[in-house]
Amino acid sequence: MKDVHTGIKNSQCDLLMSILRLQNIDDFFEMGVAIEEDHTLQNFGDAYITIKVQSHGFVGHNDLWVTGNAFASFCRSLLALEKSLSGEAVLESISPKKLKLRIRSISSRGHLAVEGETGYQIHGENGLYWHSVSFGIEFEPSQLTKAVKLPWVQRCAG
């Protein structure tokens, strides 16, 4: 059944409400996810992702698509990173340069960081303009432990 306001199926709404948030004081990275579940569509299984980031005074927001296979690999890598506190989870958008994301170990003592770039092209009245933000935020491992319990991580990693 679809939500009358968003047109998104209820199961997708449940996934979308689960926001991954990694933060360090005032800096944060947020990612919301909706998985396309309509078998009749070409992008069945792909993930629609909403990104919000604030890093050392820079702020950005983006909405984009990621292939289902890339997203499942990212979720599996998040689980592995949470268990070992080594390695990385990488995610890139279908459209070039809209998202490059890495959540990774940054020391042998279990310190973690989320880093990346997100952007999109704006069509102005007289030209095209690229808008983007690059970010890097260190965060506590307990935040990753909380993140891997999100329904979409568990579902897509399985």
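Data overview
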| read-out | value |
| --- | --- |
| Checking residue 63 against (1) of a type in the set (Asp, Glu); (2) over 15 Å from residue 31 (Cα atoms); (3) under 15 Å from the mean Cα position of the chain (by Cα), the condition it does not meet | (2) |
| Enumeration of residues in region 17-30 that are in contact with a Leu (Cβ under 7 Å, 6 or more places away or on another chain) and either hydroxyl-bearing (Ser, Thr, Tyr) or part of a loop (DSSP other than H, G, I, E, B) (or both) | 18 |
| Any pair with Cβ under 7 angstrom, 6 or more apart, that starts in region 38-51 at a residue that is among the acidic types (Asp, Glu) and ends at one that is not in a loop (DSSP other than H, G, I, E, B) | 46/65; 46/66; 46/68 |
| Total residues in region 107-127, condition over 22 Å from the mean Cα position of the chain (by Cα) and crowded, with 18+ Cβ neighbours inside 10 Å | 0 |
| Any hit, region 90-98, residues being within 16 Å of residue 34 (Cα to Cα) and of a type in the set (S, T, N, Q) | yes |
| Residues of region 31-51 classified as closer than 15 Å to residue 75 by Cα and part of a strand (DSSP E or B), total | 8 |
| When residues of region 11-62 are limited to those that are modelled with pLDDT under 95 and among the polar types (S, T, N, Q), the one nearest to residue 111 (Cα to Cα) | 18 |
| Qualifying strands (runs of 3 or more DSSP E) (wholly inside region 66-158; at least 1 residues being under 19 Å from residue 53 (Cα atoms), of a type in the set (Ser, Thr, Tyr) and modelled with pLDDT of 95 or more) | 112-123, 128-139 |
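The values are calculated or read from the model by the stated rules, or taken from the named source; none is laboratory data. Nothing here was measured: the structure is a model prediction, and the numbers come from that model. Don't worry about glycine lacking a Cβ; one is built from the backbone with ideal geometry, like all the others, and counts go over all protein chains shown.
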